[in-house]
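> Structure incoming, see below.
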Protein chains: 2
Amino acid sequence: MSSEELAARGQTTAAQVRKDLSHFGSFGKRGLGYSVDQLRDRLRSILGLDRSWRVALVGAGRIGLALFEYPAFRSRGYDWVAIFDSDPEKIGQAWGDQVVRSPDEFEKVLQDLDIELVILALPADGAQEMAMRAVDAGVRGILNFAPIRLNVPPKVPVEDVNLVMELEALSFQITQGERDA
Amino acid sequence: MSSEELAARGQTTAAQVRKDLSHFGSFGKRGLGYSVDQLRDRLRSILGLDRSWRVALVGAGRIGLALFEYPAFRSRGYDWVAIFDSDPEKIGQAWGDQVVRSPDEFEKVLQDLDIELVILALPADGAQEMAMRAVDAGVRGILNFAPIRLNVPPKVPVEDVNLVMELEALSFQITQGERDA
DNA sequence: ACACCATTGTGAAATTCTTCACAAAACTAA
DNA sequence: TTAGTTTTGTGAAGAATTTCACAATGGTGT
Ligand SMILES: NC(=O)c1ccc[n+]([C@@H]2O[C@H](COP(=O)([O-])OP(=O)(O)OC[C@H]3O[C@@H](n4cnc5c(N)ncnc54)[C@H](O)[C@@H]3O)[C@@H](O)[C@H]2O)c1
Ligand SMILES: NC(=O)c1ccc[n+]([C@@H]2O[C@H](COP(=O)([O-])OP(=O)(O)OC[C@H]3O[C@@H](n4cnc5c(N)ncnc54)[C@H](O)[C@@H]3O)[C@@H](O)[C@H]2O)c1
């Protein structure tokens, strides 16, 4: 597949595809293009997707449930290995093959199960504390759904998901469009 | 509040804050900084957040339920005015003050209720069709949770939420970090 | 009134990102 | 072989974004 076709599929330009790929090495064959199989494998390895990751869910609420039941995570190698919630009603509940645990066990479980990623799906007022505790327990990355900016050491990457902002971005684009017209 | 303090809170630089704001006008007072109240109001108006928006949910599944029950949308002026699902079991169910509707009514309801935003929370294989139908019915913007790139006319903005990619971005950063060390 | 201070708004400089354009490579067909 | 075709990988050019730096301004204190 040529950079031209990759670009068309990815809403970008052929030059951009080639420059981006060349940043990581030289994967194509001149006159022929890129081998899809090889390219997939190389990119998987570069992105760290050629392995599985041990993930904990913090906050067994509505968003937490949707995430937990979403099959795409499991199939991409993100394995749920623990679930935490502070609600005494929820602690002990079975979620699939998991049991909801108390935050009291947080550090111990994170370390014992060698958990690398934490998904924070709890209210904003508990998120900073749990983030810090996760970092101290050796977590490598955090996916944060709580609408606050987490303060963590730079060695631990954080990805924020803020759905209100996504809607607001839409509102802005619509409002802008009206102004042009 | 000075551009310096705004920058610190927004993880950017004072010069960037001033350049960005100056793009929309001249809001500050030299020697003093920006009036938080005034700035909030002006930005709300620029972003189109000083009004409410009529929103429909397409796909009353796990993610749809979490979104529907999330209070932050309502409180920011995003009003749920219709819910659609193709599952006969779900059609007719009450969700809060709403009743789940059949996609057969889609165009009619969108037009009658003057719906401006659509949130697609249905499986990927139905998403393109519903997006196109929404556009034809006059929708102004789409928030898409299905893991496909929607093909819609450029006048209709689309925001994609792809949570698998968020996790993959974390994996990449962690993998990169290891390489540096 | 006047001096002094803090901070904006903005050209100009610096940096980063994207596109251009083409020599080098790899294949195909004669 | 050899000529022709396609497409990469990449310097160089061009465009966009970010940072610098400072005159202009508005406020405060005396
Ligand atoms: N529901 C959505 O669509 C949505 C969208 C965007 C962001 N969010 C954010 O995601 C987070 C969770 O939202 P939700 O709708 O699932 O809320 P929810 O109230 O349904 O669930 C939150 C859960 O976290 C638990 N919890 C509270 N403190 C805890 C702690 N210290 N440790 C462990 N668990 C704790 C609660 O017991 C509850 O079960 C919130 O920060 C919310 O702002 C939600
Ligand atoms: N659950 C998650 O955490 C999550 C995360 C990221 C993305 N997604 C994506 O969001 C979408 C929904 O995920 P989910 O987990 O809520 O799935 P789900 O299966 O729980 O819900 C999907 C719902 O859509 C309905 N539906 C199917 N076709 C329809 C149509 N043509 N019109 C209206 N409704 C229709 C189904 O009846 C079902 O109720 C999927 O595309 C999924 O990939 C989900």
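The values are calculated or read from the model by the stated rules, or taken from the named source; none is laboratory data. A quick note: this is a predicted structure, and the numbers were derived from the prediction, not measured. Here the Cβ positions follow ideal geometry from the backbone for every residue, glycine too, while neighbour counts run over all protein chains shown. SASA here: full protein model, heavy atoms, side chains in, ligands and nucleic acids out. Shrake-Rupley method; radii C 1.70, N 1.55, O 1.52, S 1.80 Å.
> By how many nm would the segment from residue B:114 to residue B:2 grow when fully extended, if each residue of separation counts as 0.36 nm and the alpha-carbon distance is taken off?
36.2 nm
> Per residue of chain B, what 222 nm ellipticity follows from adding -39500 (n - 2.57) for every DSSP H run with n ≥ 4, rounded to the nearest 500?
It lands at -13000 deg cm²/dmol.
> Counting protein heavy atoms only and a 1.4 angstrom probe, how many square angstrom of accessible surface do chains B and A bury in total, to the nearest 100?
Chains B and A together bury approximately 4400 Å².
> Now for a different question. In whole Hz, what ³J(HN,Hα) sequence does region A:29-43 give by Karplus (6.51, -1.76, 1.60; θ = phi - 60°), x for Gly and Pro?
Once rounded to whole Hz, the list reads 10, 4, x, 10, x, 10, 6, 4, 4, 4, 4, 4, 5, 4, 5.
> Right, another one. Rolling a 1.4 Å sphere over the protein heavy atoms, what is the accessible area per residue of the protein assembly as shown, to the nearest Å²?
Spelled out: the 1.4 Å probe surface of the protein assembly as shown, per residue, equals 54 Å².
> Follow-up. Would you please name the GluC sites (Glu not before Pro) within region B:72-170 that are DSSP coil residues with at most 14 other C-beta atoms within 10 Å of their C-beta?
B:89
> Distances in nm, one decimal, shortest first, from residue B:92 to the same residue in every other copy, taking the label point 7 angstrom along Cα→Cβ.
Copy-to-copy label distances at residue B:92, shortest first: 3.8 nm.
> I need the peptides B:173-179, A:30-36 ranked by packing, meaning the mean over residues of other C-beta atoms within 10 angstrom, with the highest value on top.
In descending order of packing, they fall as B:173-179, A:30-36.
> What does the charge count near residue A:134 come to, summing +1 for each Lys or Arg and -1 for each Asp or Glu among other residues with Cβ under 11 Å from its Cβ?
That sum, taken over residues with Cβ under 11 Å, equals -2.
> Just to be sure I understand: with springs between alpha-carbon atoms less than 10 Å apart, which residue in B:91, B:115, B:83 has the highest mean-square fluctuation in the Gaussian network model of chain B?
Of B:91, B:115, B:83, the Gaussian network model singles out B:91 as fluctuating most.
> Still on this structure, I have one more. Between helix A:14-24 and chain A, what is the angle of the helix's C-alpha long axis to the longest principal axis, kept within 0 to 90° and rounded to the nearest 10?
60 degrees
> Where the only charges are on Cβ atoms (+1 Lys, Arg; -1 Asp, Glu), what is the dipole of the protein assembly as shown about its Cα centre, to the nearest 20 debye?
Rounded to the nearest 20 debye, it is 1360 debye.
> Please work out the FRET efficiency for the pair residue A:40 and residue B:133, using the Cβ-Cβ distance as r and a Förster radius of 35 Å; give the result to the nearest 0.05.
With R0 = 35 Å, the Cβ-Cβ based efficiency is 0.55.
> Quick check: at a probe of 1.4 Å, how many percent of the accessible area of region B:18-108 sits on carbon and sulfur atoms?
On region B:18-108, the fraction of accessible area on carbon and sulfur atoms equals 50 percent.
> With both bridge residues required to lie in the protein assembly as shown, what share of the DSSP beta bridges run antiparallel, to the nearest 5%?
Counting only bridges with both partners in the protein assembly as shown, antiparallel ones make up about 15 percent.
> Once amide H atoms are built 1.01 Å from N in the peptide plane, which residues 5 or more positions from residue A:53, or in another chain, come under 5 Å H to H?
Result for residue A:53 returns A:78, A:79.
> Oh, and also: Please work out the Cα center distance from region A:98-151 to region B:59-99, rounded to the nearest Å.
Value for the Cα centre distance between the two parts: 29 Å.
> Build a GNM of chain B with springs between Cα atoms under 10 Å: which of B:121, B:82, B:72 gets the top mean-square fluctuation?
B:72
> Charges only on Cβ, +1 for Lys and Arg, -1 for Asp and Glu: so what's the dipole of chain A about the Cα centre, in debye to the nearest 20?
960 debye
> Okay, moving on. Within the protein assembly as shown, how many Lys pairs sit with Cα atoms under 28 Å apart, leaving out pairs fewer than 8 places apart on the same chain?
9
> Using 18 Å as the cut-off for backbone N distance, which residues of region B:4-23 belong to the label zone defined by a point 7 Å from the Cα of residue A:172 along Cα→Cβ?
Only B:6-23 pass the distance filter.
> Something else about it: Quick one: which bits of region B:59-92 get at least 20 Å² less accessible when the partner protein chains are in, versus the chain alone, with a 1.4 Å probe?
B:62, B:63, B:66, B:69, B:70, B:73, B:76, B:78
> What order, most packed first, do the peptides A:46-57, B:93-104 have when packing is the mean number of other Cβ atoms within 10 Å of each residue?
Averaged packing, sorted descending, gives the order A:46-57, B:93-104.
> Of A:98, A:126, A:153, which is farthest along the charge dipole of region A:72-178 in the positive direction, counting Lys and Arg as +1 and Asp and Glu as -1 at C-beta?
A:153
> So which residue of A has the beta-carbon closest to the axis that swings A onto B, and how many whole Å away?
Axis-proximal residue of A, distance in whole Å: A:66, 2.
> Springs between alpha-carbon pairs under 10 angstrom, Gaussian network model over chain A: which of A:164, A:109, A:118 fluctuates most?
Comparing A:164, A:109, A:118 in a Gaussian network model of chain A, the most mobile one is A:164.
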